[in-house]
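Novice: Can you read through this structure? Questions will come right after.
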Amino acid sequence: MHPYEKKIYITLLIGIIVLMALVVFFVITILRYHRKMNNLRREKIKEEINSLDKEKERISFDLHDDLGASLSGIKLRLHGLGGLDKVNFDKVVNIENQLDEVMNRLKAVAVTLMPRILQRRGLDKALQALLKEFSNTTGIEVTYKCTVDAFNADIAVHIYRIAQEVLTNIAKHSKASHVTFTISRNRHKIELNIIDNGIGFNVKAASRNNGGGLGLQNITARAELLKAEIFLTSDKNNGVTYQIEIPAA
């Protein structure tokens with residue numbers, strides 16, 4: 001080969017190597033940028049959800065400890081009234097009954113915001129209480145099983161919130177008569193499975209509709225914080241299956 005041609009080939013080869021290096025550099029830079037943006041987005045979502053959970057906890061304690069105690073005090077003072085005629089006595093009894101109803105509603109709201117049982121006795125007991133209340137309120141039969149002994153505190157809160165969102169969706173839309181709720185550990189993952197026997201819905205259509213309703217968006221946001229995978233399946237008149245696989249801490 002002529003020295004001049006050899007020089008051209010070497011120059012071209014160097015140019016190609018430099019071009020490929022630039023392409024690799026730009027690809028790596030773009031991937032790093034997207035990874036950084038995803039991390040920033042995840043951190044922002046985490047901060048917003050944690051802030052929301054703390055605010056719910058504060059409101060829950062305020063409702064239960066302050067307002068609940070005040071209502072109990074009012075009821076005791078009414079109960080202690082003496083020398084009432086029958087008409088006024090009946091009015092006081094009626095007011096006490098109304099106070100009981102308000103206090104029960106207040107307790108239900110406080111538990112929904114942040115159940116103390118979750119902090120005191122753990123996720124398993126909190127879910128049992130949640131599912132019992134769900135069944136009593138909706139009339140939907142529930143089969144529950146948990147084979148995981150302990151949970152990381154953050155994971156426990158997010159699983160509980162996900163369960164709340166799923167159960168709310170089921171109560172509002174499914175027309176189901178039975179729900180199966182299981183939590184198990186499979187190797188290095190915690191598997192959450194919630195299955196109803198309701199009317200189902202079009203999963204693809206819901207996904208195209210801005211990621212589904214607010215409930216599905218909240219489930220997705222919390223699952224993303226847990227770096228969990230969501231498998232949502234449904235057929236018309238064959239119910240919905242929520243399968244969520246969470247990396248174990």
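Novice: Quick check on Val166: is it at pLDDT below 90 and out of contact with any His (no Cβ under 8 Å at 6 or more places or on another chain)?
Specialist: No; evaluated as a whole, the condition is false for this residue.
Novice: Is segment 198-206 home to any residue that is polar (S, T, N, Q), modelled with pLDDT of 85 or more and farther than 25 Å from Leu52 by Cα?
Specialist: No, there is no match, as no residue in segment 198-206 is polar (S, T, N, Q), modelled with pLDDT of 85 or more and farther than 25 Å from Leu52 by Cα.
Novice: Answer yes or no as to whether Lys56 is closer than 25 Å to Ile190 by Cβ and either modelled with pLDDT under 75 or loosely packed, with under 12 Cβ neighbours inside 10 Å (or both).
Specialist: Judged against the criteria, Lys56 is a match.
Novice: A further question on this structure: Go through (1) farther than 28 Å from Lys56 by Cβ; (2) touching a residue at least 40 places away in the same chain (Cβ under 8 Å) for Phe181 and report which single condition fails.
Specialist: Failing condition for Phe181: (1).
The values are calculated or read from the model by the stated rules, or taken from the named source; none is laboratory data. Here the structure is a predicted model, which is why all the values come from computation and not from measurement. Here the Cβ is made from the backbone with ideal geometry for all residues, glycine too, and neighbour counts use every protein chain on show.
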